[in-house]
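*Asks:* Supplied in structure tokens, the structure appears directly below.
Here, each number is a calculation from the coordinates, and none is a lab measurement. Every value quoted in this text rests on a predicted model; they were computed, and no experiment measured them. Neighbour counts are summed over all protein chains in view; Cβ atoms, including those assigned to glycine, are modelled from backbone coordinates with ideal geometry.
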Amino acid sequence: MKKDQMIDHHESFKVWLNELNMINKDEWFQPMEESKWSIAANVSHIIKWDQYSLREILPSASEGAELSPFPDFQRFNGEAEEYAHLVVNQEELIVEGMKARDLIITYLKNVSDDDLHQSFKVGDQSFTLEEFFEDFIGHDKHHQEQIEEVVSLDERKRH
């Protein structure tokens with residue numbers, strides 16, 4: 001994936017995040033399916049991984065770097081859900097997400113094409129910087145689709 005495509009994805013994601021302000025508060029906190037996350041928890045999950053990447057991965061991702069393994073996914077995601085439900089409101093969370101994406105966009109604009117091909121490890125997982133971003137973009141799209149499915153279903157119910 002080219003750097004411009006990565007930047008475009010993050011710019012579009014910011015627009016999409018901002019559109020989530022239109023979701024009413026009840027929908028925001030309601031489970032998307034039985035025994036599943038709410039939209040709030042889902043969005044918080046994405047943002048918390050952005051912030052983790054900005055703090056723990058991107059500053060140290062260089063050729064041959066060996067970084068600490070990713071945190072325990074269940075605990076990390078549980079904390080993201082708790083954060084969305086107990087700490088911040090919808091608007092604050094969305095603003096946090098947009099700020100994180102601005103930092104990622106700045107990072108991408110400043111990284112060279114050569115740097116995108118540097119290999120590093122997170123625990124025992126190997127990535128190039130390009131692969132790392134491709135994985136997270138795929139992760140974004142997966143969660144966007146889940147949320148859009150619920151939001152569009154709810155819109156159909158109203159008509």
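*Asks:* Could you check how many residues of the range 80-106 are surrounded by 12 or more Cβ atoms within 10 Å (Cβ to Cβ), more than 15 Å from the chain's Cα centre (by Cα) and acidic (D, E)?
*Replies:* 1
*Asks:* Output the residue which, of all residues in the range 76-115 that are of a type in the set (D, E, K, R) and part of a loop (DSSP other than H, G, I, E, B), is farthest from E66 (Cα to Cα).
*Replies:* Here is the first cut: in the range 76-115, the ones of a type in the set (D, E, K, R) are 79, 81-82, 91-92, 96, 99, 101-102, 109, 113-115.
Among the residues that remain, those that are also part of a loop (DSSP other than H, G, I, E, B) are: 113-114.
Working: D113: 21, D114: 19 Å.
Among those residues, the one meeting the criterion is D113.
*Asks:* Now for a separate question. What number goes with the only condition from (1) among the hydroxyl-bearing types (S, T, Y); (2) over 25 Å from Q30 (Cα atoms); (3) surrounded by 12 or more Cβ atoms within 10 Å (Cβ to Cβ) that S112 does not pass?
*Replies:* (3)
*Asks:* Something else about it: Looking only at the range 35-56, decide whether some residue is of a type outside the set (G, A, S), more than 17 Å from F133 (Cα to Cα) and surrounded by fewer than 13 Cβ atoms within 10 Å (Cβ to Cβ). Step through it out loud before you land on a result.
*Replies:* Going through the range 35-56, the residues of a type outside the set (G, A, S) turn out to be 36-37, 39, 42-43, 45-52, 54-56.
Now narrow it down to the ones that are more than 17 Å from F133 (Cα to Cα): 36-37, 39, 42-43.
Applying the additional criterion that residues be surrounded by fewer than 13 Cβ atoms within 10 Å (Cβ to Cβ) yields 36.
Yes, the range 35-56 contains a residue that is of a type outside the set (G, A, S), more than 17 Å from F133 (Cα to Cα) and surrounded by fewer than 13 Cβ atoms within 10 Å (Cβ to Cβ).
*Asks:* Are any of the residues in the range 116-123 assigned to a helix (DSSP H, G or I) and surrounded by 15 or more Cβ atoms within 10 Å (Cβ to Cβ)? Full working, then the answer.
*Replies:* Step one: of the range 116-123, the residues assigned to a helix (DSSP H, G or I) are 116-117.
Those still in the list that are surrounded by 15 or more Cβ atoms within 10 Å (Cβ to Cβ) too: 116.
The answer is yes, given that some residue of the range 116-123 is assigned to a helix (DSSP H, G or I) and surrounded by 15 or more Cβ atoms within 10 Å (Cβ to Cβ).
*Asks:* Continuing with the same structure: How many residues, within the range 13-29, are of a type outside the set (K, R), in a helix (DSSP H, G or I) and surrounded by 13 or more Cβ atoms within 10 Å (Cβ to Cβ)?
*Replies:* Restricting attention to the range 13-29, the residues satisfying the condition of being of a type outside the set (K, R) are 13, 15-24, 26-29.
Narrowing further to those that are in a helix (DSSP H, G or I): 13, 15-22, 26-29.
So of that shortlist, the ones also surrounded by 13 or more Cβ atoms within 10 Å (Cβ to Cβ) come out as 13, 16-18, 20, 27-29.
Count: 8.
*Asks:* Related question: Inspect the range 62-79 for any residue being surrounded by 13 or more Cβ atoms within 10 Å (Cβ to Cβ) and of a type in the set (K, R) and give the result as yes or no.
*Replies:* no
*Asks:* Need pairs with beta-carbon distance below 6 Å; first residue of a type in the set (S, T, N, Q) and within the range 85-103, second assigned to a helix (DSSP H, G or I) and surrounded by 15 or more Cβ atoms within 10 Å (Cβ to Cβ); sequence gap 6+ or separate chains.
*Replies:* Close Cβ pairs satisfying both conditions: Q90/W28.
*Asks:* If you don't mind, there's one more thing I want to ask. When the residues of the range 133-153 are filtered to those that are buried (at least 18 other Cβ atoms within 10 Å of the Cβ) and closer than 20 Å to D113 by Cα, which remaining residue is farthest from the chain's Cα centre (by Cα)?
*Replies:* Applying the filter and picking the extreme gives F133.
*Asks:* Within the range 104-141, count every residue that is in contact (Cβ under 8 Å) with a residue 12 or more places away in the chain, hydroxyl-bearing (S, T, Y) and out of contact with any His (no Cβ under 7 Å at 6 or more places or on another chain).
*Replies:* 2
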